[in-house]
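Right, one structure below, let's go through it.
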Amino acid sequence: MGTGTGTVESPATPATPATLYGPVSLGLGVVALVAAFFLGLFAVLAGSLAVTFGVLGLISGFNRTQCLAGLVLGALGVLYPLSFLFAFTGGL
């Protein structure tokens with residue numbers, strides 16, 4: 001039988017801003033890619049934030065895979081609407 005208090009302490013790192021760059025970047029990247037098909041301006045804003053958080057996360061070294069995925073998805077979310085803007089209007 002157990003003599004403990006019933007709580008289990010996690011050995012994981014605490015949720016500091018540096019550890020949250022990966023999930024935030026990935027989430028914003030997915031939102032930017034989905035919004036790129038419907039809301040171009042919102043996709044550019046969300047994608048820019050995803051790229052920013054992805055770069056900050058890669059520099060900090062936590063959740064590198066999520067940061068890289070968010071960076072790529074955010075870049076696609078920015079470039080897709082901008083490519084249509086340049087293709088159909090002849091530029092800015």
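Each reported figure results from applying straightforward, stated rules to the coordinates on display, with no laboratory input. Because the structure is predicted, anything quoted here is derived from the model rather than measured.
Using 0.36 nm per residue of separation minus the Cα-Cα distance, give me the extension gain between Leu82 and Leu39 in nm, one decimal. Please list the in-between numbers first.
Numbers: separation 43, 0.36 × 43 = 15.48 nm, distance 1.17 nm.
Extra length available between Leu82 and Leu39 comes to 14.3 nm.
List the equivalent ellipsoid semi-axes of segment 43-92 in whole Å, largest first, each obtained as the square root of 5λ for an eigenvalue λ of the Cα gyration tensor.
Semi-axis lengths for segment 43-92 are 27, 8, 7 Å.
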